[in-house]
Amino acid sequence: MTQFSLTQANFLDYYSDKPREFVICISDFAKQMSSEYGCDVKVSADKLLTAHDFWIGDVNRTAKRGHSQIDRFTGEEFYKKPNHLKQLAFLTFWIRRASPISDIVEKAGHNVLPLNVNRFFAYSNELLAFHAGIKICFGYEVREIRSHQQDSKSIHTWDAIKTGQALHSKLKNWSFVSDYVITLKHKNMSPHAIYLIYRTLFSDRR
């Protein structure tokens with residue numbers, strides 16, 4: 001059992017220094033996602049640890065490009081991390097590069113369309129990287145909506161619902177998803193390009 005879901009609003013901070021827990025969380029999600037495509041998978045813990053190390057390395061390196069700040073309580077110097085979209089772009093990039101899903105087996109007796117099963121066999125690691133990033137991003141986006149609209153619970157709840165509905169509609173469109181995962185698999189898509197896609201997905205409220 002993992003302590004946090006991917007949509008937990010503090011996912012990035014919580015798992016940044018907990019690589020073993022990160023591996024469990026992403027592995028659990030990979031197995032859940034594969035089941036929706038009528039498949040079972042094996043996930044490499046070593047490859048996810050590698051993805052975690054490179055993700056945190058990129059986040060820290062990007063933070064140090066900015067100006068350092070002083071903690072007013074401890075007096076210690078620190079660097080502000082990039083926003084959640086940029087951090088998730090790094091995470092998506094490195095999950096894809098690590099390709100932690102190795103063995104895929106089609107389940108017996110599932111009711112998934114053969115076309116979707118074939119899609120998963122072809123793009124399992126790209127789908128994992130993309131959908132994990134989207135789910136984590138959604139948790140942060142909803143938190144931002146609520147933090148800016150504390151004066152009206154009904155309004156911020158409605159905005160959160162609208163954000164979720166718009167996102168769900170886009171993710172059901174295989175044409176959109178396929179463009180993304182095919183490019184992620186066959187082209188050298190940079191973290192910055194992934195960041196721009198995440199911004200586009202949530203552009204309705206920016």
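Remarks
Okay, residues lined up against (1) over 21 Å from the mean Cα position of the chain (by Cα); (2) at pLDDT 90 or above; (3) open to solvent by less than 60 Å² (accessible area, probe 1.4 Å):
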residue: H110; (1), (2), (3): yes, yes, yes
residue: P114; (1), (2), (3): yes, yes, no
residue: F121; (1), (2), (3): no, yes, no
residue: L127; (1), (2), (3): no, yes, yes
residue: I134; (1), (2), (3): no, no, yes
residue: I145; (1), (2), (3): no, no, yes
residue: H148; (1), (2), (3): yes, no, no
residue: I155; (1), (2), (3): yes, no, no
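- Test: residue in region 196-206 that is open to solvent by 30 Å² or more (accessible area, probe 1.4 Å), out of contact with any His (no Cβ under 6 Å at 6 or more places or on another chain) and modelled with pLDDT of 90 or more: yes
- Here M189 clears all of (1) within 18 Å of the chain's Cα centre (by Cα); (2) at pLDDT 70 or above; (3) open to solvent by 80 Å² or more (accessible area, probe 1.4 Å) except the condition numbered (3).
- Against the conditions (1) farther than 14 Å from K31 by Cα; (2) open to solvent by less than 60 Å² (accessible area, probe 1.4 Å); (3) within 21 Å of the chain's Cα centre (by Cα), I101 satisfies every one except (1).
- The lone exception for Y14 - which of (1) free of Cβ contacts under 8 Å to residues at least 40 places away in the same chain; (2) loosely packed, with under 15 Cβ neighbours inside 10 Å it fails: (2)
The values are calculated or read from the model by the stated rules, or taken from the named source; none is laboratory data. What you see is a predicted model; the values in this text were computed from it and never measured. Here Cβ is always computed from backbone atoms with ideal geometry, including for glycine, and neighbour counts include all displayed protein chains. These accessible areas exclude ligands, DNA and RNA; they are computed on the full protein's heavy atoms, side chains included. Shrake-Rupley method; radii C 1.70, N 1.55, O 1.52, S 1.80 Å.
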